[in-house]
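Engineer: Mind looking over this structure? Questions follow.
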Amino acid sequence: MIINQLKNNAKRINSFSLSFFNKGSNNIKCLTSKTFFDNNSNNNRQNAIIYNNYSKRFFCSNENKSKDMIDDFFNKKPEEGESKKNNSIFIQTETTPNPDSLKFMPGVQVLEDGQIMDFSDFKTSQQSPLANNLFKLDGVNRVFFSSDFISVNKYPENEWAILKPQIYGTIIDFYHSGLPILSDPSLGNINADTTILPEDDEVVAMIKELIETRIRPTVLEDGGNIKYMGFKDGIVMVQLQGTCSSCSSSQATLKGGIERMLMHWISEVRGVIAVPDDELNQINLDYFNSVDDNIENGKPSNEEKKE
């Protein structure tokens with residue numbers, strides 16, 4: 001539009017420059033460039049030529065400047081660090097079977113493929129700046145990371161209408177900060193609990209394989225995870241993480257889906273139980289206390305006995 005206006009103005013100036021005034025006549029006579037110039041009109045001829053040249057310079061110089069301005073505007077390269085700050089993140093949400101849990105998908109990779117992280121409380125969230133900031137929001141009681149989503153659990157008394165905008169802002173601020181999502185990149189190996197070890201018998205190996213290939217992918221789609229904890233006296237012990245940890249239908253899923261599948265394929269399995277976070281913490285505490293006692297009394301630990 002700017003260039004067209006400049007062209008029109010230049011054409012009008014150019015047309016005017018092709019005419020000149022015959023001062024030798026009482027009547028002002030407009031002559032075009034085709035008019036015969038006599039000997040007495042040399043000054044007028046020179047003026048017309050000068051004016052014509054000026055109009056060409058005016059059009060050409062302004063056209064080039066306008067083009068340069070437009071090219072600079074559209075081809076301007078962002079300064080260092082500017083593109084990162086201006087990149088917008090579009091976060092999508094997805095409901096889960098648990099009304100107190102939502103999946104937030106930022107459209108960028110959260111963790112590396114094959115990694116997950118479950119943060120059950122504020123203490124465990126110290127391993128991740130993002131999880132730690134989410135726990136600082138009033139109402140958040142659990143955070144779970146997968147490769148492409150973040151699931152957040154809230155207390156039943158808190159409303160999503162108030163909490164969701166705060167979660168959006170926290171996630172966006174984190175990705176604009178440039179901080180690593182995990183303080184230790186080696187954390188979050190999804191296959192650690194289901195890795196088949198040399199000392200595992202055939203039954204345990206089959207349990208781990210079913211959990212890894214059949215059960216876990218389905219649970220991840222709902223925003224949670226299932227972790228293998230052990231097998232004893234026909235009972236498979238697992239831990240439910242993320243969305244599944246506080247879901248009202250988790251027991252139905254555990255008994256009607258997970259337990260049924262394991263019992264169908266493995267005759268040695270007689271049932272499946274979920275180990276709560278409190279009980280798991282107590283088991284870990286008892287284990288570490290027993291190790292400390294053995295060290296103080298000079299007794300070998302269980303691992304030393306096996307060797």
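The values are calculated or read from the model by the stated rules, or taken from the named source; none is laboratory data. Here the structure is a predicted model, which is why all the values come from computation and not from measurement. Heads up, the Cβs are rebuilt from the backbone with ideal geometry, glycines too, and the neighbour counts pull from every protein chain shown.
Engineer: Which ones in the stretch 213-225 are crowded, with 18+ Cβ neighbours inside 10 Å and either over 24 Å from the mean Cα position of the chain (by Cα) or assigned to a loop (DSSP other than H, G, I, E, B) (or both)? Break it down stepwise before answering.
Structural biologist: Here is the first cut: in the stretch 213-225, the residues crowded, with 18+ Cβ neighbours inside 10 Å are 215-216, 219-220, 222-225.
Ile215, Asp222, Gly223, listed by residue number.
Engineer: Let me ask something else about it. Does the stretch 97-113 hold any residues that are surrounded by fewer than 20 Cβ atoms within 10 Å (Cβ to Cβ) and either hydroxyl-bearing (Ser, Thr, Tyr) or over 15 Å from Pro165 (Cα atoms) (or both), and which are they?
Structural biologist: Pro97, Pro99, Gly107, Val108, Gln109, Glu112, Asp113, listed by residue number.
Engineer: Within the stretch 144-179, track down each residue that is aliphatic (A, V, I, L, M) and either closer than 20 Å to Asp100 by Cβ or crowded, with 19+ Cβ neighbours inside 10 Å (or both).
Structural biologist: Selection gives Ile150, Val152, Ala161, Ile162, Leu163, Ile167, Ile171.
Engineer: Could you check Thr195 against (1) over 14 Å from Gln115 (Cα atoms); (2) at pLDDT below 95; (3) of a type in the set (Val, Ile, Thr) and say which number it fails?
Structural biologist: Of (1) over 14 Å from Gln115 (Cα atoms); (2) at pLDDT below 95; (3) of a type in the set (Val, Ile, Thr), only one is false for Thr195: (1).
Engineer: For residues that are buried (at least 21 other Cβ atoms within 10 Å of the Cβ) and aliphatic (A, V, I, L, M), scanning just the stretch 226-267, find the one that is nearest to Phe119 (Cα to Cα).
Structural biologist: The residue in question is Leu240.
Engineer: Another question, then. Hey, can you tell me all the residues within the stretch 180-210 that are surrounded by 13 or more Cβ atoms within 10 Å (Cβ to Cβ), among the hydrophobic types (A, V, I, L, M, F, W, C) and part of a loop (DSSP other than H, G, I, E, B)?
Structural biologist: Result: Ile181, Leu182, Leu187, Ile190, Ile196.
Engineer: Scan the stretch 137-154 and report the pairs whose first residue is over 19 Å from Gln126 (Cβ atoms) and at pLDDT 95 or above and whose second residue is in a loop (DSSP other than H, G, I, E, B) and among the aromatic types (Phe, Trp, Tyr), with Cβ atoms within less than 8 Å and a gap of 6+ or a chain change.
Structural biologist: Gly139/Tyr155
Engineer: Determine if the stretch 154-169 includes at least one residue that is in the same structural domain as Leu130 (by TED's automatic domain parsing) and β-branched (Val, Ile, Thr).
Structural biologist: Taking every residue of the stretch 154-169 in turn, at least one turns out to be in the same structural domain as Leu130 (by TED's automatic domain parsing) and β-branched (Val, Ile, Thr).
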